[in-house]
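Written below as structure tokens is the structure these notes are about.
The values are calculated or read from the model by the stated rules, or taken from the named source; none is laboratory data. Bear in mind the structure is a predicted one, so any value in this text is a computation, not a measurement. A quick note on method: Cβ atoms are made from the backbone with ideal geometry, for glycine too, and the neighbour counts reach across all protein chains shown.
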Amino acid sequence: MADLRNVVVVIGAAGGIGRVLSAELSNGRHVVAVDVDPAVTDMTGEHITGVHADAADEAALRAAFETASAIGPIDAMVHAVLVQSRRPLADLEPADLRRVLDVGAASAASALQLLHAHGSRPASGVLIGSVHGSHAAPRMAAYAMAKSAMRALARAAAIEWGAEGLRCNIVEPGYIAVPGHVSPAHDEESMARLPLAYPSARLGTPEDVTALTVFLLSQRAGFINGAIIPIDGGMSAVMAENLL
């Protein structure tokens with residue numbers, strides 16, 4: 001299907017953030033929405049093409065970019081994959097660690113390589129990281145390792161490809177209340193207290209992340225490159241003792 005619009009590839013498009021982001025981006029671009037969840041194909045519409053694919057499958061990811069290229073010029077990519085293994089570090093199995101790193105970080109590198117190879121210029125990539133990329137939490141070692149790796153990846157892409165007109169930035173949300181992000185450790189009482197950890201006195205939403213991401217993909221952000229941007233209501237600015 002040909003489209004006169006530029007194309008953005010959104011990986012992890014069926015998730016809580018990815019779905020809202022895809023809908024917003026479809027107002028100005030054609031979205032190729034990629035997800036391991038078969039429900040992604042239900043998102044297909046006038047300006048959205050759903051592609052069922054595992055982000056960690058390089059051949060499938062390459063095919064998704066080829067689909068995008070057939071629709072129109074690719075000028076943007078968002079990696080918004082959520083994968084976790086909530087195990088204590090002492091019990092973290094090598095297979096679980098590899099899965100989180102492959103799906104959560106290595107697939108982001110593959111996606112950026114494909115944007116570099118297939119994208120027009122100028123182009124922009126945004127990685128959806130997490131505050132866990134710079135802050136530790138119990139049972140989150142694998143997830144934190146993946147998100148920390150994405151920080152290094154964004155900066156590497158920025159310095160290697162910036163002169164070519166390809167920018168890359170990473171946004172790091174705090175707690176976003178979406179399916180798949182609710183910890184078994186957070187019962188109803190602890191969830192009620194959780195907003196108190198944020199100076200903004202609320203939790204983040206997919207719409208918060210979407211607004212920043214859409215801006216970073218635009219040429220209005222043309223001189224923002226290699227940036228690590230928290231979107232956490234001020235949580236990363238708080239000294240731990242202030243929470244006691």
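Suppose we keep only residues that are over 16 Å from residue 127 (Cβ atoms) and of a type in the set (D, E, K, R) within the range 157-215. Which one would you say is modelled with the lowest pLDDT?
By that ranking, first place goes to 187.
When the range 216-244 is examined, which residues are found to be in a helix (DSSP H, G or I), surrounded by 13 or more Cβ atoms within 10 Å (Cβ to Cβ) and not aliphatic (A, V, I, L, M)?
Once the filter is applied, which keeps residues that are in a helix (DSSP H, G or I), surrounded by 13 or more Cβ atoms within 10 Å (Cβ to Cβ) and not aliphatic (A, V, I, L, M), the range 216-244 yields only 236.
For the range 27-59, name all the residues that are buried (at least 19 other Cβ atoms within 10 Å of the Cβ) and of a type in the set (Asp, Glu).
Listed by number, the list holds a single entry, 35.
When the range 13-55 is examined, which residues are found to be in a loop (DSSP other than H, G, I, E, B) and touching an Asp or Glu at 6+ places or on another chain (Cβ under 6 Å)?
13, 14, 36
All but one of (1) within 28 Å of residue 37 (Cα to Cα); (2) in a helix (DSSP H, G or I); (3) touching a helix residue (DSSP H, G or I) at 6+ places or on another chain (Cβ under 9 Å) hold for residue 208; state the number of the condition that does not hold.
(3)
Taking the stated definitions as given, is residue 127 under 21 Å from residue 21 (Cβ atoms) and in a strand (DSSP E or B)?
Judged against the criteria, residue 127 is a match.
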